[in-house]
Amino acid sequence: MDAKHVRTMSATNFFDGEHFEKSTLTMKRRVDAHVNALPANFAVQASQKTRLISRMNAAPRVKLSKIFALVDEYAELRKPFVACAEECDSCCHMNVQITNVEAERIEKSTGKKAKFLRADTCHPVTKFAGVPCPFLVNRRCSIYEDRPLLCRSHASFDVDSYWCAPERMNAAELPMISITDAQVAVSEIAHESAARRFADIRDFFG
Ligand code: SF4
């Protein structure tokens with residue numbers, strides 16, 4: 001987990017410059033405050049633990065559970081600094097790229113069979129803007145304990161979900177934190193499995 005990897009990107013097609021500037025400053029401040037509030041060596045230790053899990057001699061689903069637990073631990077520390085709240089479902093209306101190992105975990109918990117995919121998919125970022133995830137029920141995640149890494153790691157450091165609305169979610173790129181180590185580990189776990197596949201959650205379950 002690379003909690004110190006802060007991405008600051010430029011806007012491409014935003015339409016409210018004043019709001020964008022304000023949000024950028026707010027989010028930078030909250031990212032910094034969050035990073036400063038992390039326990040000493042948290043990022044380094046999390047990164048080491050992630051690598052150890054990735055190299056464990058264990059079944060992919062076991063390793064995935066351990067990575068998820070680590071990411072959830074980090075997400076708890078992040079909570080005071082993000083806009084994400086239980087009643088918000090904005091990020092359930094965007095692309096959700098997952099691996100076959102994550103699809104298998106969902107399949108096991110829901111009994112819903114994942115589709116057999118002959119090839120990986122990599123959709124344009126706007127492909128599912130505004131399209132609800134198949135597991136969104138009454139504006140809540142129906143597979144919360146088994147939701148994929150992307151859903152666990154995605155968070156807005158703004159004070160509200162203004163930039164998460166479908167019409168804006170891809171219009172501007174704002175300060176955020178990437179948990180690259182966890183993403184790499186989940187990708188490596190998927191590569192170990194015979195049915196290795198990367199696709200959107202809707203490709204597997206839509
Ligand atoms: S899996 Fe759950 S949290 Fe993730 S997009 Fe779907 S409904 Fe939202």
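Please treat every number below as a calculation from the coordinates, not as lab data. Since the model is a prediction, treat every value here as computed from it, not as a measurement. Positions of Cβ are generated from backbone atoms using ideal geometry, with glycine treated the same way; all protein chains shown enter the neighbour counts.
Taking the criterion of being at negative phi and of a type in the set (S, T, N, Q), the residues of segment 12-55 that qualify are T12, N13, S23, T24, T26, N36, Q45, S47, Q48, T50, S54.
Residues in segment 57-83 that are farther than 20 Å from A195 by Cβ and assigned to a loop (DSSP other than H, G, I, E, B): V82, A83. For Y144, the criteria (1) near the ligand (Cβ under 10 Å from one of its atoms); (2) in contact (Cβ under 8 Å) with a residue 24 or more places away in the chain; (3) not hydrophobic (A, V, I, L, M, F, W, C) hold in every case but one, which is (2). Taking the numbered list (1) surrounded by fewer than 15 Cβ atoms within 10 Å (Cβ to Cβ); (2) closer than 30 Å to R118 by Cα; (3) within 16 Å of the ligand (Cβ to nearest atom) in turn, D72 passes all entries but (2). Within segment 111-137, residues that are polar (S, T, N, Q) sit with their Cβ atoms under 7 Å from residues that are within 12 Å of the ligand (Cβ to nearest atom), at 6+ positions apart or across chains, in these pairs: T121/D200.
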